[in-house]
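Remarks on the structure that follows.
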Amino acid sequence: MIYREAGDFKTSYRDDGQTFPIRLDRWGYYALLGVAFLVVPFVIDSYWANAVLVPFLIYAIAAIGLNILTGYAGQVSLGTGGFMAVGAYSVYKLMTAFPGVPIFVHILLAGAITAVVGMLFGLPSLRIKGFYLAVATLAAQFFLVWLFNKVPWFYNYSASGQINAPERTVFGWAVTGPATSAPAKYLTCLVFAVVLAWIARNLTRGMVGRKWMAIRDMDIAAEIIGVNPLTAKLSAFAVSSFFVGIAGALLFSVYLGAAEASEAFGINKSFLVLFMIIIGGLGSIFGSFAGAAFLVLLPVLLKNLLVVRLGWPTDLAAHLELMIVGGLIIFFLIVEPHGLARLWRLTKEKLRLWPFPH
Amino acid sequence: MIATPAAEFSTDKGATRPVLMDLKNITLRFGGVVAIKDISFDIREGEIRAIIGPNGAGKSSMLNVISGFYVPQQGEIWFEGQKRPPMKPYQVARLGLARTFQNIALFDGMSVLDNIMTGRLNKMKSSLFSQALWWGPAEREEVENRAQVEKIIDFLEIQNIRKTPVGRLPYGLKKRVELARALAAEPRILLLDEPMAGMNVEEKEDMCRFILDVNDEFGTTIVLIEHDMGVVMDLSDRVVVMDYGRKIGDGTPDEVRANPEVISAYLGVAHE
């Protein structure tokens, strides 16, 4: 009854173009943000941070990044893991080379470096499309991981071949390194996730986003009405890689603390993030969050259910978990190929008319 | 069709206005196939110029040459008194050419409003950075251009579908949205490739009215490919007739109608 557009008149084009046109939506999101920033940090413990919220936020950033490229601009990429590795190794090299610079600057710079690398590997997209482009980006995945394993300069010649995040503080709070508290990890990732989601929303509702979608929907028509395919595609690769690079930098420096390229940023990561946007919904910011939540939370839920509640052996539960997740992915693709975002939208449309659907 | 006789529209627009685009000796080949063979004609400011001919005559190829999608092997294109160097289609768009397609080429995943807004992309200059922050010039431009787009939406009477995804629209409306997207660019020359194909009589009448209104109110020069002879003869100021890649006639609708070569191309010749 309350969820209505009726009576909520827009009197300017500015109001009409806003992100949440329905008042209740707007309040709902403000309330959610309020809880996320003001309540959760005080109640979060390390289990919730490490198993649920921090990976959720980091993968949501990566999923938004990939969604910009694949969902909005229509360029399929299997190089997400490799680009996350670029973000991680960039932030590591920056942190160790310039210890005095604030960590937030390093993370942003790592994103910028990844953007450049992403543009470089995006160049083939000017000539090839679809599956062929996916294979070309796969080459980026394998090459980048190989590079970070083979060239000792990247891991500062450490004996183990790993990179370890040194401790860095923001306002006296450790946000990287072993001493980091759960709220600090959570808040760092939350700040990045919220700001980046807002930026992604702004880009996709403006002219840049329209150019990307035009290229996605019909590239020839887009070019004829004046979209330069070179700048449109490369800007999509750059922005997408910027997001993915920041996700990689956060994954390494804030979440994992130590990483090794082929283990932390292998092809599995690329597929994981791709599944997130397919399940969540291509071309939707909300879908990126939903997909990340689904694939981060589902294993945790299943583990709780099978091991803690039913008392199954851990290894059996682990295998079964893979099968269940796989099955659910297939189920989802058949039942709702447009993802959770579509389900959410349909629910909202129904709700708007409830209780008089006609 | 349109009730008013053609003569009322075909004042001497064609003869007196300055030349906007001049196509000189255009030849276009695909391998061994000659799609366009040594064709020259001009397009004058503010006229409605039709290109007609049987299927496969090379009309769409001609439009693709004008819009920069094909680069002819021979010939020159002069636009506003300057020779146009070989250009990419998006550069041609910046010169002020917009077009619609024979089989609709809208962006199906976007709303009607976004489709039309995309047509204004060359009017919007704000940087990636200011768009990312939705701050200052980005928001101002968005609102200003939205106002322009709303005028076109009013003009084409598609207010009620502005937020609908284009993929859900019926064919006739899609054609109208495509015209709106082309108009949003405020083109100097508007190229229409069979704007009335597959429409019923009512939709055709609407489309004719829109084309005449665009020409009349905005003074837009229009190049039109169409198979419906009634429409062509009523709307256009001058007509180019093509057959097998050659130009076989050029002139006012009445001149073209009387041209024996045109008659033979359309009706066939009596064999003795």
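Bear in mind that the values in this text are calculations on the coordinates, not laboratory data. Quick caveat: nothing in here was measured; it's all calculated off a predicted structure. Cβ: placed from backbone, ideal geometry, glycine included. Neighbour counts: every protein chain shown.
At-a-glance table
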| item | result |
| --- | --- |
| Karplus (6.51, -1.76, 1.60) ³J(HN,Hα), θ = phi - 60°, over region A:336-352, in Hz, Gly and Pro reported as x | 9, x, 8, x, 4, 4, 5, 4, 4, 5, 4, 4, 5, 5, 5, 4, 4 |
| Label zone at residue A:159, where the point sits 7 Å out along the Cα-to-Cβ direction: region A:259-290 residues whose backbone N lies under 19 Å | A:259-260 |
| All-pairs alpha carbon distance profile, region B:1-153, 10 Å steps from 0, percent | 9, 27, 30, 24, 9, 1 |
| Pairwise FRET efficiency - residue B:157 versus residue B:227, Cβ, R0 = 22 Å, nearest 0.05 | 0.30 |
| Amide H partners (placed H, <5 Å) of residue B:36, local residues excluded | B:28 |
| Two-decimal Rg to Rh for region A:121-165 - Kirkwood Rh, Cα set | 1.19 |
| Top of B:104, B:152, B:51 by mean-square fluctuation, Gaussian network on chain B, Cα under 10 Å | B:104 |
| Phi to ³J(HN,Hα) by Karplus 6.51 cos²θ - 1.76 cosθ + 1.60 over region A:283-288, Hz, x for Gly, Pro | x, 8, 5, 4, x, 5 |
| Most mobile of A:292, A:232, A:60 in a GNM of chain A (Cα contacts under 10 Å) | A:232 |
| Quarter of Cα convex hull surface for chain B, i.e. mean projection, nm² | 16.6 nm² |
| Chain lengthening between residue A:142 and residue A:46 when straightened (0.36 nm per residue, less Cα-Cα) | 31.2 nm |
| Amide H partners (placed H, <5 Å) of residue B:191, local residues excluded | B:98, B:99, B:100, B:223 |
| P(r) weight above 23 Å for region A:104-210, C-alpha pairs, percent | 52 percent |
| Of B:18, B:195, B:85, the one that fluctuates the most in a GNM where chain B has Cα springs shorter than 10 Å | B:85 |
| The protein assembly as shown - Debye-derived log10 I(q)/I(0), Cα point model, q = 0.11, 0.12 Å⁻¹ | -1.07, -1.20 |
| Partner aspartates and glutamates for residue A:185 [C-alpha distance under 13 Å; skip if fewer than 8 residues away on the same chain] | A:45, A:167 |
| Cross-link pairs A:233/A:269; B:24/B:88; A:10/A:233; A:93/A:233; A:129/B:123 - those with Cα-Cα distance over 31 Å | A:10/A:233 |
| Trypsin sites (Lys or Arg not before Pro), loop per DSSP, at most 14 other Cβ atoms within 10 Å - longest free stretch of chain B | B:1-124 |
| Approximate shape of region A:44-266 as ellipsoid semi-axes (Cα gyration tensor, √5λ), whole Å, largest first | 31, 20, 14 |
| Rounded FRET efficiency, nearest 0.05, which uses the C-beta distance separating residue B:255 from residue B:73 and R0 of 25 Å | 0.25 |
| For residue A:165, residues with placed amide H under 5 Å, excluding near neighbours | A:258 |
